[in-house]
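Visitor: Here it is, the structure, as structure tokens.
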There are 2 protein chains.
Amino acid sequence: MSRSLTGFTGGLALVNSRNPDPESGLHASVREAAEHSSTRLDLAVLCVPAAACADALADAVAAGCRAALICAGGFGEAGEAGQAHEDAVRRVAEETGIRLLGPNTSGFFVPHRGLTASFVPGARQLPAGGVAVVAASGGINHALSFELTNAGNGVSLGVGIGAGVDVTAADVLEYLVDDPQTTAVALHLESVPDGPRLVRALRRLTEVKPVVALVVGRSDVAEFAQSHTGALATSWRTTRAAVAQAGAVVVDDERELVDALTALSRVRLRPAADPGLGIVTAQAGPGLLLADRAGADEIATPELAAETQARLSELLPPLTFQRNPVDTGRPDKSFPAVLGAVAGDDAIDSVVVYALTEPDSVDLVTALQDADLPADVPAVVALGGLDDEAAEQRIQLHKTGVPAFATPTAAANALRALVADSRRRFRTGTAAERQAPALPGGLLDEHAAKNYLAELGIRTPPRRACASREEAQRALTELGGPVAVKLLDATVLHKTDVGGVHLGVRTPDELDAALEAIHAATGATGYLVESMAPGGVDLVVGAHRDPVFGPVVLVGLGGTAAEALGDVAVRLAPVTANEAAEMPGELLGKELLRGWRGGPELNPHEFGEVVAALAAVLTSHPEVTEIEINPLRLTTDGLVALDAVVVRTEEDRNA
Amino acid sequence: MSRSLTGFTGGLALVNSRNPDPESGLHASVREAAEHSSTRLDLAVLCVPAAACADALADAVAAGCRAALICAGGFGEAGEAGQAHEDAVRRVAEETGIRLLGPNTSGFFVPHRGLTASFVPGARQLPAGGVAVVAASGGINHALSFELTNAGNGVSLGVGIGAGVDVTAADVLEYLVDDPQTTAVALHLESVPDGPRLVRALRRLTEVKPVVALVVGRSDVAEFAQSHTGALATSWRTTRAAVAQAGAVVVDDERELVDALTALSRVRLRPAADPGLGIVTAQAGPGLLLADRAGADEIATPELAAETQARLSELLPPLTFQRNPVDTGRPDKSFPAVLGAVAGDDAIDSVVVYALTEPDSVDLVTALQDADLPADVPAVVALGGLDDEAAEQRIQLHKTGVPAFATPTAAANALRALVADSRRRFRTGTAAERQAPALPGGLLDEHAAKNYLAELGIRTPPRRACASREEAQRALTELGGPVAVKLLDATVLHKTDVGGVHLGVRTPDELDAALEAIHAATGATGYLVESMAPGGVDLVVGAHRDPVFGPVVLVGLGGTAAEALGDVAVRLAPVTANEAAEMPGELLGKELLRGWRGGPELNPHEFGEVVAALAAVLTSHPEVTEIEINPLRLTTDGLVALDAVVVRTEEDRNA
């Protein structure tokens, strides 16, 4: 540690109470460190047991420190005694204003300033650069910083948050907004103490810099995670949705994160709804891998314009594929012109190039410079070869601002991130402060809930609330058959389960039988008589309050299968109709909504309006805990809400 | 090329008709090469235009060559003229017996023999080692060989098949069975000319060596693929299922392939139904990534035995998590003992270790040697750090036989492959030559089809085939209600669509109404009256003939959603009941079959028997083109076939 901090010019207290070594600047206490310091102390690095940390922190304040780092564990994650130590440390921080990183972190580093507050020897060798790492875990902070470096990047700042008693990820993200050294940010999240705060910080940061986020907790690792951070795991799905909505590019593992940042720290695509990718490959096989992966990622690889193809046919031998992918065969001196032709095509927003290292056929670094691509159509390169040769060429490409990788998969990860970033920036407008209409008082039965949906602009079937069998018969006459006949009772949430629903009722006799059956099964005397909706595809749309992030909306397909798959898309409320329109495209079963077997096709904007309206109910009315339309049926005439439930907290509902 | 072949001791004809350079051994024709050769020619490398290849190949035979390589494209992938060139080349090969690689390949290399028949300069530097690469594409052959080398492996043989006019992937796989240099095999497939042949070769090879397969074509890349190889793309799903069933480990991209082979070429787990993974980590964060990924991959990380935990508590500081994952904190001299304790636990079949490179705290190479793990409980290491330091340690680990990686994801890919390989080898027995009973003659209606299913041992509901309404009424009396009443007509495949199905019929009056309705709708006078099955979860099980692989069985969940997802599992027929029992676990919707919401639970072995029986129908009866049970209902009493269709070729059916 003492070695690690040698580049730092501020006043420093290095405290290791168990193994002090004053010769190398490691003192037994803050006071001792202060006595030996020639300058005013600025930062205290405290390697002392949990029980001694609060006092050591107070000493640091007394000695003039404005910041401190606590390495030890044994706080909130370690039961009651640990919690007491944590509370004591927090109290000192709150009362004195000293900024505290940790406890339970292996530190941080700022290579630009020669400041490396870390035990791990390699941390001192990290090159200064543009990527900041904000990690829940100290170990991940180091692992990511090393891998980013191995991939040809430098680090502006690396922080392991640890227990986050004072400084949290949100604090660091806010700091990075104005940090001139940082051009792109890696974010690693295990748990989120304050969802709205994190989202606010991310929104501000992603307005000015790309952020790539890795969220832990796809499977149930809560027990181990808690032993590590003391925090309850947040929902993986909701956290991913929240950070994506706040503008981050979300990845699945740390290699993808490195690939994404190697690209995004150097280039970005122009904002577009569906950016087009041109694939130029010197070898057909790797080009096919890139095309296959682009297809799986739903990245457009549009056929090149006739003029582009004509130009390519002058440049390339016959028989090679020239529509996109463009298979150049072994690259020769025409390679820059080929790249230029593809990048110049109107449908193309970025070009990915694959080649094996063949110094005697083409120098890719020079070729890319000679190609002189339009500034807003960046190239991404995958250069295969033995590291001895290829690594040096990749470094040269990086020096000219071209992100370079070793494999088609790495380049494909980069492209997926670039495209996600471009699409996100294309989405204009933030969620308007949409005010939902007031709700009627009392418990809402299905009729009242549907009337409210109608006020929100959501279509519901024609219906009559009937207080008697006679009214029900009149309703059948007025509506015409077939109708659905339902128990109308706001206290019964699952009407079907109690025999409260009869469908396809056509005649007065059938209606009598249905009413009698509902009465016999439930004792009810109130009925809803409603026109049957045409067939279609059932969706479920709901909004509720997440304990970490507040109001969220969920979208899924109806039916048991979709439910068993957990196939849902999530957004934070408020949400714009445009943002919500993208949710169905995230469902595994999305093909069902795209005219499956001649069925109806979803209008994403109509759908987005429904979701945005439900979201506004939760943001406008704090007493509403949940609102759900199940099913929301997609018909050839559009969306119709077939059942709806609104749940409010009891006190407010009765107020 | 001439440079590339300098290490080769055989007699060689290097022909480049366009740019001959006799000084460096590049001749304008085979004859010229023969004139300049001091030894008998053995291998001809032909870089001549497609139209000249057949003659050049004949010349090579005349000059004594027993093998040749054709680099050029412009054959079957290039229309009619190209096809004529291909036919001509094939004829020469068939008539003379010369073995031909290509056309349209960048060659092959055998580093152990100093033989590098490739244009790509880096190919000469490939180190000899144990991994063979069999790639559809010459470019991929090189790309994979380079990446395998960069990851610390050597290559025994690398082949790009190209058009595969003579030598195919199956030929090379057969050769590798007895190749003493090869310990593990990478297989890259774009299309499969002869499914059964490939499967036979793979089965033989995977009995003795691990094979890792990457199959292209997840998305629709057929057009570009065809321009490249001239072959029609095979079904991605079926090809993956086939190679997995033949014993290969299937991966999703080329980085996973390299990770898998870096592990499998060094270690294998003992065969087990569900091998247990111990996670030992020096930093909690990366350990959490490993645990999260293991959970997502359905790899067991069992809680360690009480004795193991007791031993660990002696070795490790308090407060660290010791149940599995085992969080060691910064490793010290206890590290080998920790590894030994975890590996010695009965529930553990392999140990994955994560650590950051910290030379002053622990030398992982020595620690792993000191740990002296049981031979059948191998370790996999992920060592984070800057490449300068960490790469050297990974090389040292490789030298001691321990697969080592840079990132948690790479190690997780390796573990997924090791576990897949272990599970596959645990599955004993090959598909018995199960003979399905003879089918009755003529078209099979639902009753006849179900009787046949009953002969296969598959449960069907009690039913009566009725030639009149009176018989139908008697059937209702005998079976008791509720019953399903269906049109009985073998020529009608979609009975529901024509109004031929009435469900839930309970009384003689209801039955009369149903019979009348069916008669009115279809004119039928034959009916099936069948006891209604209890509710449950519907599956679809079918067998048909794939144009590439022959008879295959498919399993999916019933309902539109499952169909829209394309959520099916595939196996080649014949299939053992044990193999088929694994199919439901591959479905995205598998939770529906595991007692979802108090529903029935699938018995995989009962299910496997049904699938194996259907598979046997196709392998026993060449005239059967298709047999399908839709739905096969999972009830609390087990599986019941609710409808069945058997399709035979017309000539055989009428024979």
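The values are calculated or read from the model by the stated rules, or taken from the named source; none is laboratory data. This one's a predicted model, so the numbers in the text were calculated from it and none came from an experiment. Methodologically, a virtual Cβ is constructed for each residue, glycine included, from the backbone with ideal geometry; neighbour enumeration extends over all protein chains shown. Side chains are part of the model used for accessible areas, which takes the heavy atoms of the whole protein and leaves out ligands, DNA and RNA. Shrake-Rupley method; radii C 1.70, N 1.55, O 1.52, S 1.80 Å.
Visitor: Write down the Kirkwood hydrodynamic radius of the range A:462-531, to one decimal in angstroms, obtained as one divided by the mean of 1/r over all alpha carbon pairs.
Guide: Working: mean 1/r = 0.0874 Å⁻¹.
Kirkwood radius, the range A:462-531: 11.4 Å.
Visitor: Considering every Cα-Cα pair within the range A:177-223, what fraction, in whole percent, is farther apart than 16 Å? All intermediate terms of the calculation are to be shown ahead of the outcome.
Guide: Details: 513 of 1081 pairs.
I get 47 percent for the Cα pairs in the range A:177-223 exceeding 16 Å.
Visitor: In the range A:277-426, with Lys and Arg counted as +1 and Asp and Glu as -1 at Cβ, which of these residues, A:Leu312, A:Thr357, A:Ala296, has the Cα nearest the positive end of the dipole, that is, farthest along it?
Guide: The listed residue farthest towards the positive side: A:Ala296.
Visitor: Mind grabbing the accessible area of A:Glu470 for me, 1.4 Å probe, Å², rounded to tens?
Guide: The accessible area comes out at roughly 120 Å².
Visitor: While we're here: Only bridges with both residues in the range A:1-104 count here: give the DSSP antiparallel percent, nearest 5. All intermediate terms of the calculation are to be shown ahead of the outcome.
Guide: Numbers: 1 of 14 bridges.
Around 5 percent antiparallel, to the nearest 5.
Visitor: For the range A:105-265, what are Rg and Dmax over the alpha carbons, in angstrom?
Guide: Rg then Dmax for the range A:105-265, in Å: 14.2, 40.
Visitor: Counting each DSSP H run of 4 or more residues in the protein assembly as shown as -39500 (n - 2.57), what helix-only mean residue ellipticity at 222 nm follows after dividing by all residues, to the nearest 500 deg cm²/dmol? Working shown, then result.
Guide: Numbers: 44 runs with 488 residues, N = 1310.
Rounded to the nearest 500, the figure is -11500 deg cm²/dmol.
Visitor: Any idea what log10 I(q)/I(0) is at q = 0.14, 0.16, 0.21, 0.22 Å⁻¹ for the range B:77-188, Debye with uniform C-alpha scatterers and no solvent?
Guide: Ignoring solvent entirely, the Cα scatterers give -0.56, -0.70, -1.08, -1.15.
Visitor: I'd like the antiparallel share, as a percent to the nearest 5, of DSSP beta bridges with both residues in the protein assembly as shown.
Guide: Values: 98 of 194 bridges.
Once the DSSP bridges in the protein assembly as shown are tallied, antiparallel ones form about 50 percent.
Visitor: In Å, what Kirkwood hydrodynamic radius results for the range B:1-143 from the alpha-carbon pair distances?
Guide: Numbers: mean 1/r = 0.0654 Å⁻¹.
Evaluated over the range B:1-143, this radius sits at 15.3 Å.
Visitor: Can you pull the accessible area of B:Leu257 for me, 1.4 Å probe, Å² to the nearest 10?
Guide: 0 Å²
Visitor: Per residue of A:405-413, count partner chain C-beta atoms within 10 Å of its C-beta, then hand back the mean as an integer. Please report the intermediate quantities before stating the final value.
Guide: Working: counts 0, 5, 9, 6, 8, 3, 0, 1, 2.
The shielding value for this peptide is 4.
Visitor: Show me A:152-159, A:101-108 ranked by packing, highest mean number of other Cβ atoms within 10 Å first. Can you show the working numbers first?
Guide: On the way: A:152-159: 24.1, A:101-108: 26.5.
Output ranking for A:152-159, A:101-108: A:101-108, A:152-159.
Visitor: How high is the FRET efficiency between B:Lys333 and A:Asp55 when r is their beta carbon distance and R₀ equals 30 Å, given to the nearest 0.05? Let's see the in-between values first.
Guide: Details: r = 32 Å, r/R0 = 1.05.
Using R0 = 30 Å, I get an efficiency of 0.40.
Visitor: Now for a different question. Given label points at 7 Å from Cα along Cα→Cβ, what nm distances, shortest first, separate B:Gln473 from the same residue in every other copy?
Guide: 3.4
Visitor: Hey, another quick one. How many nm separate the modelled label positions at A:Ala128 and A:Ala438, each set 7 Å beyond the Cα in the direction of the Cβ?
Guide: Simple spin-label model gives 6.1 nm for this pair.
Visitor: Work out the mean other chain Cβ neighbour count within 10 Å for the residues of B:75-84 and drop it here as an integer.
Guide: Working: counts 1, 0, 3, 2, 1, 0, 0, 1, 0, 0.
The mean count of partner-chain Cβ atoms within 10 Å per residue comes to 1.
Visitor: In square nanometres, what is one fourth of the surface area of the convex hull spanned by the alpha carbons of the protein assembly as shown? It would help to have the intermediate numbers written out before the result.
Guide: Values: hull surface 220.6 nm².
Mean orientational projected area (the protein assembly as shown, Cα hull): 55.2 nm².
Visitor: Turning to a different aspect of this structure: Relative contact order of the range A:1-104, please, whole-number percent, based on alpha carbon pairs below 8 angstrom and at least 6 residues apart. Before the final figure, lay out the partial values.
Guide: Numbers: 196 pairs, mean separation 23.3, N = 104.
Computed value for the range A:1-104: 22 percent relative contact order.
Visitor: Shifting gears a bit: Over the Cα atoms of chain B, what Rg and Dmax result, in angstrom?
Guide: 30.4, 99
Visitor: Just order B:294-307, B:616-629 by mean Cβ neighbour count inside 10 Å, highest at the front, would you? Show your work: numbers first, answer last.
Guide: Numbers: B:294-307: 16.6, B:616-629: 20.0.
So the order, starting with the most tightly packed, is B:616-629, B:294-307.
Visitor: For the range A:277-426, give the percent of accessible area contributed by carbon and sulfur heavy atoms, probe 1.4 Å, rounded to a whole number.
Guide: Working: 2610 of 5110 Å².
The computed percentage sits at 51.
Visitor: Considering only the label points, 7 Å along Cα→Cβ from Cα, what distances in nm to one decimal separate A:Asp178 from the same position in each other copy, shortest first?
Guide: Copy-to-copy label distances at A:Asp178, shortest first: 7.7 nm.
Visitor: Right, here's the next one. Hey, what does the equivalent ellipsoid look like for the range A:537-654, semi-axes from the Cα gyration tensor as sqrt of 5 times each eigenvalue, largest first, whole Å? The partial results should precede the final answer.
Guide: On the way: eigenvalues 124, 38, 36 Å².
After diagonalising the Cα gyration tensor, the semi-axes are 25, 14, 13 Å.
Visitor: Measure nothing but the geometry: give the 0 to 90° angle between the long axis through the Cα atoms of B:79-96 and the longest principal axis through the Cα atoms of chain B, rounded to 10°.
Guide: For B:79-96 against chain B, the angle is about 70 degrees.
Visitor: In nm, what does the list of distances from B:Asp509 to its counterparts in the other copies look like, shortest first, when each label sits 7 Å along Cα to Cβ?
Guide: So the distances to the same position in the other copies read 0.8 nm.
Visitor: What FRET efficiency do you get for B:Val177 and B:Arg545 if R0 is 25 Å and r is their Cβ-Cβ distance, rounded to the nearest 0.05?
Guide: My answer for the efficiency is 0.30.
Visitor: Bin width 5 Å, alpha-carbon pairs only: give the P(r) of the range A:252-372 as whole percents, running from 0 to the bin holding the largest distance.
Guide: Reading upward from the zero bin: 2, 11, 20, 24, 22, 13, 6, 2, 0.
Visitor: Mind checking which chain B residue has its Cβ closest to the axis relating B to A, and how many whole Å off it is?
Guide: B:Ala561, 2
Visitor: At a Förster radius of 30 Å, what calculated FRET efficiency corresponds to the Cβ-Cβ distance of B:Ala84 and A:Glu307, to the nearest 0.05? The partial results should precede the final answer.
Guide: Details: r = 33 Å, r/R0 = 1.10.
Approximately 0.35, to the nearest 0.05.
Visitor: Same structure again: Rounded to the nearest 10 Å², what accessible area does B:Arg459 have for a 1.4 Å probe in the complete protein model?
Guide: The accessible area of B:Arg459 comes to roughly 110 Å².
Visitor: Beyond 28 Å between alpha-carbons counts as too far, so tell me which of A:Lys450/B:Lys590; B:Lys209/B:Lys399; A:Lys209/A:Lys333; A:Lys590/B:Lys486 fall in that bin. Walk me through the numbers before you get to the answer.
Guide: Working: A:Lys450/B:Lys590 35 Å; B:Lys209/B:Lys399 20 Å; A:Lys209/A:Lys333 37 Å; A:Lys590/B:Lys486 34 Å.
Check vs 28 Å cut-off fails for A:Lys450/B:Lys590; A:Lys209/A:Lys333; A:Lys590/B:Lys486.
Visitor: Something else about it: Looking at B:Gly154, A:Pro551, A:Ser265, which one has the Cα that reaches farthest to the positive end of the dipole of the protein assembly as shown (charges on Cβ: Lys, Arg +1; Asp, Glu -1)?
Guide: B:Gly154
Visitor: Something else now. If you take every DSSP beta bridge whose two residues both sit in chain B, what share of them, in percent to the nearest 5, is antiparallel?
Guide: Numbers: 49 of 97 bridges.
Here the antiparallel bridges make up roughly 50 percent for chain B.
Visitor: Contour minus end-to-end for B:Asn451 and B:His605, with contour as 0.36 nm per residue of separation and end-to-end as the Cα-Cα distance?
Guide: Values: separation 154, 0.36 × 154 = 55.44 nm, distance 2.20 nm.
Full extension of this stretch gives 53.2 nm more.
Visitor: So, one more: Once the piece of chain linking B:Val647 and B:Thr39 is laid out straight, how much longer is it, given 0.36 nm per residue of separation minus the C-alpha distance between them? If you can, show how the numbers build up before the last one.
Guide: Details: separation 608, 0.36 × 608 = 218.88 nm, distance 6.20 nm.
Extending this stretch completely gives an extra 212.7 nm.
Visitor: Now, a different point. How many percent of the accessible area of the range B:1-104 is carbon or sulfur, using a 1.4 Å probe? Numbers along the way, then the final one.
Guide: Details: 2280 of 4840 Å².
Reported share for carbon and sulfur atoms: 47 percent.
Visitor: Can you give the mean number of other chain Cβ atoms that lie within 10 Å of the Cβ atoms in peptide A:384-392?
Guide: Numbers: counts 12, 11, 11, 8, 4, 4, 3, 2, 0.
For this peptide, the per-residue mean of nearby foreign Cβ atoms is 6.
Visitor: Suppose a student asked you for the relative contact order of the range A:496-613, using Cα pairs under 8 Å spaced at least 6 residues apart; what percent would you report?
Guide: 18 percent
Visitor: I would also like to ask the following. Taking the alpha-carbon centroid of each part, what is the distance from the range A:87-127 to the range A:281-353 in angstrom?
Guide: 48 Å
Visitor: Let me check something: with ligands and nucleic acids excluded, how do B:Glu579, A:Glu471 order by accessible area (1.4 Å probe), largest to smallest? Please report the intermediate quantities before stating the final value.
Guide: Values: B:Glu579 20, A:Glu471 65 Å².
Putting B:Glu579, A:Glu471 in descending order of accessible area: A:Glu471, B:Glu579.
Visitor: Got the relative contact order for chain B handy, in percent, Cα pairs under 8 Å and 6 or more residues apart? Walk me through the intermediate numbers first.
Guide: Details: 1426 pairs, mean separation 54.7, N = 655.
Reported as a whole number, the value is 8 percent.
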